[in-house]
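Report on one structure; see the data block that follows.
Values quoted throughout were computed directly from the atomic coordinates according to the rules given, and no laboratory measurement underlies them. Since the model is a prediction, treat every value here as computed from it, not as a measurement. Here the Cβ is made from the backbone with ideal geometry for all residues, glycine too, and neighbour counts use every protein chain on show.
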Amino acid sequence: MYRLSFFLFVAILICFDVSASFTKKRPERGYVYKEWIVENGDSVPLVHLAPIRKYARGRDMRRYQRMVRAVRKVYPISLEAKREMLAMEMQLKYLPTKRERKAYIASVQKRIIKQYTPILRKMTIYEGKILLKLIDRQTDYSAYAIVKEFRGGFVAGFWQTMAKLFGNNLKTEYDPEGEDRLLEQIVTLYERGAL
């Protein structure tokens, strides 16, 4: 029951994104980027190395590795969701009536549910939390705000209640400077191709 409810919630989130896409160039392995500077008539390489992490306890390293595995599994899904949402947002602009928009949203939701059911059923609760944070990172809206905007307050309240039952909160926001600092570092390294 929980996995079906969680899947439906994520499917709804996948349908609605308003942010622009971006691309990043993959750096060479071992360093972030390299440039050349001229010093006293000589060309000198200036290499910016990737950060090195030192862990005092094994528990911290295991936590980091768990988050890396989750990001590797979930980040491509969040990018696909973002692309899908942008396409849907563009299509919704051209539909004149509310009835046509509602029918289009329902058809997209059915297609996404059919496409992502096998993937989302294999996800753990932790990976689902990471997915929600990554979607929030890309859209600048919490999951609750997205559901409330496109599906209404009652549906958003229902999904918030379901999330609370299973130890999650849809109103939490992605905080790259605070509690999600480690996640932001991992995502940045993943985008650069360093993981």
The stretch 90-143: trypsin sites (Lys or Arg not before Pro) falling in loop per DSSP and having at most 10 other Cβ within 10 Å | LYS122
Write out the trypsin sites (Lys or Arg not before Pro) in the stretch 164-195 meeting two conditions: DSSP loop, and at most 16 other Cβ atoms within 10 Å of their Cβ.
-> LYS171
Length gain on complete extension for the stretch ARG69 to GLN115, per 0.36 nm per residue less the alpha carbon to alpha carbon distance?
-> 14.3 nm
Please sort by residue number the chymotrypsin sites (Phe, Trp or Tyr not before Pro) in the stretch 37-112 whose DSSP state is loop and whose Cβ has at most 12 other Cβ atoms within 10 Å.
-> TYR55, TYR94
